[in-house]
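Step one of this worksheet: look at the structure below.
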């Protein structure tokens, strides 16, 4: 009977961890070696730096759209690639096609779920934007599909570079919390700030809380038996 009850206790598929009171956060200040794309780069790489709330360890990160703008409001035309691969039918081009209903899906073999996440998986799924030439980007918008999306990461690492390939271990990335909806990253010579809509929540804490609740329910049933 015990193993039957435990078999019914599965990890939840949704993330509903506690909301942060502020809808914005300040990224680390601009220093030598830190990614600040307002300085002018050809490539910006966006790597996963936190887990997703999907219960499957073979689940992938889905990034719906990325927009880049210069200081005069001009939208930058760019292409996208991924050195970490992607799931069939969801290539990197889907993240820069102007359609937030389509998305790039990282290679699911990396295992992005909070339930099997560890920091060695940072940049295990990564998308590289090619701006065509060195561009001073002052705003980058990341779209992850909205609240309740089981395949949105809670944190990303931004790498600025002028050539491909690049090594993520040789630079000092800008690592920030992101929204399951839209994250606006604003950079200037003084550094970068973010605005999140909706507010940030820790999807991994949401998974942990639900798992603990499920185990507690099983134990309560055992007591009644």
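The values are calculated or read from the model by the stated rules, or taken from the named source; none is laboratory data. All of these numbers come straight from a predicted model, not from anything done at the bench. Note that we place each Cβ from the backbone using ideal geometry, even for glycine, and neighbour counts take in every protein chain shown.
Miscellaneous remarks
- Test: residue in segment 60-70 that is in a loop (DSSP other than H, G, I, E, B) and farther than 18 Å from residue 147 by Cα: no
- Test: residue 152 is buried (at least 21 other Cβ atoms within 10 Å of the Cβ), more than 17 Å from residue 55 (Cβ to Cβ) and under 15 Å from the mean Cα position of the chain (by Cα): no
- Qualifying residue in segment 32-42 (condition: part of a loop (DSSP other than H, G, I, E, B), within 21 Å of residue 136 (Cβ to Cβ), in contact with a strand residue (DSSP E or B) (Cβ under 8 Å, 6 or more places away or on another chain) and at pLDDT below 50): yes
- Scanning segment 97-119 for residues that are surrounded by fewer than 15 Cβ atoms within 10 Å (Cβ to Cβ) and under 15 Å from residue 156 (Cα atoms) yields 118, 119.
- Per the listing 158, 174, 186, the residue uniquely touching a strand residue (DSSP E or B) at 6+ places or on another chain (Cβ under 8 Å), more than 22 Å from residue 106 (Cβ to Cβ) and modelled with pLDDT of 85 or more is 186.
- Selection of segment 71-85 for residues being part of a strand (DSSP E or B) and either within 22 Å of residue 154 (Cβ to Cβ) or over 17 Å from the mean Cα position of the chain (by Cα) (or both) yields 75, 79, 80.
- Subset tally (residues that are under 18 Å from residue 51 (Cα atoms) and modelled with pLDDT of 95 or more) for segment 82-104: 2
- Close contacts from segment 120-133, counting a first residue that is on the phi > 0 side of the Ramachandran plot and surrounded by fewer than 20 Cβ atoms within 10 Å (Cβ to Cβ) and a second that is at pLDDT 95 or above and in a loop (DSSP other than H, G, I, E, B), with Cβ to Cβ under 8 Å and a gap of 6+ residues or different chains, come to 132/76; 132/77; 132/78.
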